[in-house]
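Student: I have a structure I would like to understand better, so I am pasting it below and will then ask my questions one at a time.
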Amino acid sequence: MNKPVMPASSLSLKLPTANGSLETYRLAASRSFPAKLEGSLNRVAFSAAHVVSNPLADVDPWLTAAVDWDKTIAFREHVWDLGLGVAEAMDTAQRGMGLDWPTSLELIQRSVRAAKARGNALVFSGAGTDHLAVEDAKSLDDVIRAYERQIAAIEKVGGRIILMASRALAKIARSPDDYAKVYGRVLSQVREPVIIHWLGDMFDPALAGYWGAADPGKAMDTAVAVINAHAAKVDGVKISLLDKQREIDMRRRLADSIKMYTGDDFNYAELIAGDDQGYSHALLGIFDAIAPAASYALSRLAASDAEGFHDVLGPTLPLSRHIFKAPTRFYKTGIVFMAYLNGHQDHFTMVGGQESTRSTLHLAELFRLADQAGLLANPELAARRMKATLALKGIEA
């Protein structure tokens, strides 16, 4: 069941509303979650972690990424402390939207090094083809070589692979057989089993028709056939279509050895809980923003406390659905705003200048939903930072 509505606190601030007015919003009583994992987990759960931008770097943010490496790695330490894995250099990190391959590789190198220093904390890293300009991809072999280059670089530092979808492949592939050829060649060479990421076009419009079909059902037929044919090389599949039934259908068709990692930021609670035919593990962007709650909820699930699991995770769903609302590719803004509200960084500045992709009203509603789910770690700090954000928009407390 969902967590009961919490009583109001003494904190309040003025927030804008959809009709153009301001309302006095009174915060709920705070809810605390452990800063470190208590107990154990019976699901593998990754947070697709964001990068912290350096707001003082002398760069043009739309053109050059400036990363605060210390804060970025500190956030990963926070995730690992909670018993979650880090999915590194994914789209949450603005990969392909401000973060180029050389900077992504440095991020991967630093993250893998930090994980090893913690006794091999769980980290998998994204390998794609984004250093290959789509217009320069002339053949399937070009795509294969691009994948091989990034995989080799990650494996060289001892990293594990998340095989990301390729914009170049989506552009030049002419049939499902083309996907089978590329994935077959690439998977035959990987050192350890990989996670394959099927990213839907709601996250990246350039990936429309992936797996060689506009119809998701036909695309899934191809994906399942390719993945099951190389089951020994596949740890799991992350599906990001925001369609829970398609995820369940695909999960039931995968070889027994292959995990399903939910990428459904709209329905993750029920997919992780599962049914009498199975369940999903997790590789989620929203777990960046709600990591303490996610960790605690998962520990309750492992302790056979399904009610406790849903009590914590259920109230986070309205926030996640808001952060990931269309245009879904702008969800990163909400993720980083949550990190700012919760004190993981001292500013609301993003790689690529993407702090501008969501409206003031969107951020105000995010604040309400985060508060109502008990996700503001320090309500006084969060309210102060929300007020500072609104002041920049001409809204005084």
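Student: Given the options VAL186, VAL194, name the one that is touching a residue at least 12 places away in the same chain (Cβ under 8 Å) and in contact with a strand residue (DSSP E or B) (Cβ under 6 Å, 6 or more places away or on another chain).
Tutor: VAL194
Residues are listed down the side, and each one gets a yes or a no for (1) in contact (Cβ under 8 Å) with a residue 60 or more places away in the chain; (2) in contact with a Leu (Cβ under 6 Å, 6 or more places away or on another chain); (3) more than 22 Å from ALA219 (Cβ to Cβ); (4) aliphatic (A, V, I, L, M):
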| position | (1), (2), (3), (4) |
| --- | --- |
| PHE266 | no, yes, no, no |
| GLY274 | no, no, yes, no |
| ARG329 | yes, no, no, no |
| THR333 | no, no, yes, no |
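Student: Every residue in segment 67-107 that is buried (at least 19 other Cβ atoms within 10 Å of the Cβ), assigned to a loop (DSSP other than H, G, I, E, B) and touching a residue at least 60 places away in the same chain (Cβ under 8 Å), please.
Tutor: ASP68, LEU82, GLY83, LEU84, MET90, GLN94, GLY96, GLY98
Student: Check ILE227, ILE239, ILE290 and return the single one that is within 25 Å of ALA377 (Cβ to Cβ), of a type in the set (A, V, I, L, M, F, W, C) and open to solvent by less than 20 Å² (accessible area, probe 1.4 Å).
Tutor: Testing whether each residue is within 25 Å of ALA377 (Cβ to Cβ), of a type in the set (A, V, I, L, M, F, W, C) and open to solvent by less than 20 Å² (accessible area, probe 1.4 Å) leaves just ILE290.
Student: Checking PHE203 against (1) farther than 20 Å from HIS230 by Cβ; (2) not in a loop (DSSP other than H, G, I, E, B): exactly one of these is not met. Which one?
Tutor: The number of the failed condition is (2).
Student: In addition: Report yes if some residue within segment 3-11 is modelled with pLDDT of 95 or more, closer than 16 Å to ILE290 by Cβ, assigned to a loop (DSSP other than H, G, I, E, B) and out of contact with any Leu (no Cβ under 6 Å at 6 or more places or on another chain); otherwise report no.
Tutor: no
Student: Follow-up question, since we're still on this one. Tell me yes or no: at least one residue of segment 48-61 is under 25 Å from ARG191 (Cβ atoms) and free of Cβ contacts under 8 Å to residues at least 24 places away in the same chain.
Tutor: Taking every residue of segment 48-61 in turn, none turns out to be under 25 Å from ARG191 (Cβ atoms) and free of Cβ contacts under 8 Å to residues at least 24 places away in the same chain.
Student: Still on this model: Taking ARG160, is it open to solvent by 20 Å² or more (accessible area, probe 1.4 Å), under 24 Å from the mean Cα position of the chain (by Cα), of a type in the set (D, E, K, R) and within 18 Å of SER125 (Cβ to Cβ)?
Tutor: So ARG160 passes the test.
Student: Given (1) at pLDDT 95 or above; (2) within 21 Å of ILE73 (Cα to Cα), where does ARG368 come up short, assuming only one miss?
Tutor: (2)
Student: How about segment 283-397: which helices (runs of 4 or more DSSP H) wholly inside it have at least 3 residues that are charged (D, E, K, R)?
Tutor: Correct list: 360-372, 379-392.
Student: Continuing with the same structure: Exactly one of (1) assigned to a helix (DSSP H, G or I); (2) surrounded by 15 or more Cβ atoms within 10 Å (Cβ to Cβ) is unmet by ALA121. Its number?
Tutor: That leaves (1) as the condition not met.
Student: For TYR268, work out the one condition from (1) open to solvent by 20 Å² or more (accessible area, probe 1.4 Å); (2) farther than 24 Å from GLN189 by Cβ; (3) in contact with a helix residue (DSSP H, G or I) (Cβ under 8 Å, 6 or more places away or on another chain) it doesn't fulfil.
Tutor: Going through (1) open to solvent by 20 Å² or more (accessible area, probe 1.4 Å); (2) farther than 24 Å from GLN189 by Cβ; (3) in contact with a helix residue (DSSP H, G or I) (Cβ under 8 Å, 6 or more places away or on another chain) one by one, TYR268 breaks only (1).
The values are calculated or read from the model by the stated rules, or taken from the named source; none is laboratory data. None of these values were measured; they are calculated from a predicted model. Using ideal geometry, Cβ is built from the backbone for each residue, glycine included, and neighbour counts are taken over all protein chains shown. SASA here: full protein model, heavy atoms, side chains in, ligands and nucleic acids out. Shrake-Rupley method; radii C 1.70, N 1.55, O 1.52, S 1.80 Å.
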